[in-house]
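Let me begin by presenting the structure, written as structure tokens, before commenting on it.
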Amino acid sequence: MSSENLNQIYNKISSVVPEVEWKFHAPLIEKINKLKTEKDAVILAHNYQTPEIYHGIADISADSLALALEAAKTKAKIIVLCGVHFMAETAKLMSPEKKVLIPDMQAGCSLAESITGADVRMLKEKYPGVPVVSYVNTSADVKAESDVCCTSANAVKVVESLKSDKVIFLPDHYLANYVQKNTKVKIISWQGTCMVHEKFTGKEIEDIKKENPDIEVIAHPECPPDVISASDFAGSTSSMVNYVKKNQPKKVLLVTECTMSDNVQVDNPNVQFIRPCNLCPHMKKITLSKVYDCLKNETNEIKIGHNIAEMARKSVLKMAEIGR
Ligand code: 13P
Ligand code: SF4
């Protein structure tokens, strides 16, 4: 990567990355981009990754559905998933022949940790014959016990595709609530929550709206119901990005992990972002130096036992077939 390209990246993100930090990021960005070519690797990054990852090294930055679909499409030999563990596991399920690496194995998710395969078996015994839709924010064990997966981008579509009058939808209680409001299918939910989105309150959003009467509020469906009711739009992280790109609101509040506002601000300089800042500690475990180490040494490879992988793959492939 030439110093001209590096300068271009910095010019782009200088409003959200201080110069003092850039001095540490620049050499790593250069080395990672070189390694990617040498090793035929692709970097898939979630929208919550830091601006130096999102704008500096990612080949694709997207929501969890698009990351899963891109993992299946890529021709690269190695996938480095800059995101959390369930995203890397999903990439491996979509592309079993590829080497899938995650820069930090401890990058988890409160939703994925809220339920086990044994819990799903228990639910299936309690509600015999009722199909199970699991959010991709789950382990491969949970996916293996499910009929189909979904993300926040296609949850309602996936639920309705099953043509059943009742569906077990897990593990996010608030996403289940959001789906219930948008379908006639009866939703049986689980008590999982996202530790980032559950912190927002309807009162906080109403207060921000009072102080900023011209603001547009867009929320992730993992938020509590009163937050979604106080918002103008709800959708997956990429739907939120697209909403800003298309509508160019004067002032906007993205009710989600707050790094995403930095990333979207860079591409939409005329939009003013108001942000109460809730960070995902798991997403923030991914750093440039960990990306460099894991790609250089090809460490932190995702492995899934054969039987679980075969069963879980069916659920993610079914989701991919349904699409967005
Ligand atoms: P998206 O699928 O909307 O990107 O959300 C993933 C996630 O973890 C949100 O907290
Ligand atoms: Fe999980 Fe919430 Fe972090 Fe997304 S933001 S990875 S749902 S804990």
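Taking GluC sites (Glu not before Pro) across the stretch 1-109, the ones in a DSSP loop with at most 11 further Cβ atoms lying within 10 angstrom of their Cβ are GLU97.
Taking the accessible area of the stretch 223-308, probe 1.4 Å, and keeping the other protein chains in place, the carbon and sulfur fraction comes to 48%.
In straight Cα distance, which aspartates and glutamates are under 17 Å from LYS199, not counting same-chain residues fewer than 8 positions off? Within the straight-line limit of under 17 Å, LYS199 reaches these aspartates and glutamates: ASP172, ASP207, GLU222, ASP226, GLU257. By the Cβ rule of 4.7 Å, the chain holds the following cysteines without a possible disulfide partner: CYS82, CYS109, CYS149, CYS150, CYS194, CYS223, CYS280, CYS294. Think of the chain as a dipole: +1 on every Lys or Arg Cβ, -1 on every Asp or Glu Cβ, centred on the Cα centre; then among SER64, LEU317, THR201, LEU317 lies furthest on the positive end.
Name the shape class, rounded, prolate or oblate, that the alpha-carbon gyration tensor gives for the chain, where a ≥ b ≥ c are the square roots of its eigenvalues, rounded holds for a/c under 1.5, and otherwise prolate holds if a/b is larger than b/c and oblate otherwise. Verdict is oblate for the chain.
For LYS166, what residues show an amide H to amide H distance below 5 Å, using hydrogens built from the backbone and excluding near sequence neighbours? For LYS166, whose amide H was placed from the backbone, the distant partners under 5 Å are LYS186.
Considering only LEU44, MET122, TYR292, the residue lying farthest towards the positive end of the dipole of the chain is MET122, judged by Cα position with unit charges set on Cβ.
Rounded to two decimals, what ratio of Rg to Rh does the stretch 1-115 give with C-alpha atoms and a Kirkwood Rh? The partial results should precede the final answer.
Details: Rg = 14.7 Å, Rh = 14.8 Å.
Expressed as Rg/Rh, it is 0.99.
Applying 1/(1 + (r/R0)^6) with R0 = 30 Å to the Cβ-Cβ distance of PHE24 and GLU211, what FRET efficiency is obtained, to the nearest 0.05?
On the way: r = 36 Å, r/R0 = 1.19.
With R0 = 30 Å, the Cβ-Cβ based efficiency is 0.25.
The smallest convex shape that holds all Cα atoms of the stretch 190-267, its convex hull, gives 89 Å³ per residue. Shown for the chain are the DSSP H helices of 18 Å or more along their axis, judged by Cα atoms, with a mean Kyte-Doolittle hydropathy of at least -1.0: 19-39, 306-322.
So for each of 119-127, 98-106 I average, over its residues, the number of other beta carbons within 10 Å; can you give me the resulting order with the highest mean first?
Values: 119-127: 14.3, 98-106: 20.4.
Peptide ranking by packing, descending: 98-106, 119-127.
A 1.4 Å probe over all protein chains sorts HIS173, HIS25 by accessible area into HIS173, HIS25, starting with the largest.
When the gyration tensor of the stretch 49-107 is built from Cα positions, what are the square roots of 5 times its three eigenvalues, in whole Å, from largest to smallest?
Working: eigenvalues 56, 33, 23 Å².
Listed largest to smallest, the semi-axes of the stretch 49-107 are 17, 13, 11 Å.
Exceedance of the 25 Å cut-off in Cα-Cα distance is limited, within the set LYS210/LYS285; LYS73/LYS99; LYS36/LYS75; LYS124/LYS157; LYS73/LYS184, to LYS210/LYS285; LYS73/LYS184. Accessible area per residue for the chain, computed on protein heavy atoms with a 1.4 Å probe, is 43 Å². Under a 5 Å amide H cut-off, with hydrogens placed 1.01 Å from N, VAL148 pairs with VAL132, SER134 among residues at least 5 apart or on other chains.
Using alpha carbons only, the radius of gyration of the stretch 165-324 set against its Kirkwood radius gives Rg/Rh = 1.02.
Modelled label positions at LYS245 and ARG121, each set 7 Å beyond Cα in the direction of Cβ, lie 4.4 nm from each other. When the surface is traced with a 1.4 Å probe over the full set of protein chains, MET1 keeps roughly 80 Å² accessible.
The values are calculated or read from the model by the stated rules, or taken from the named source; none is laboratory data. Values in this document were obtained by computation on a predicted structure and should not be read as measured data. We place every Cβ from the backbone using ideal geometry, glycine too, and count neighbours over all the protein chains shown. Remember, those area values only see protein heavy atoms, side chains included, never the ligands or the DNA or RNA. Shrake-Rupley method; radii C 1.70, N 1.55, O 1.52, S 1.80 Å.
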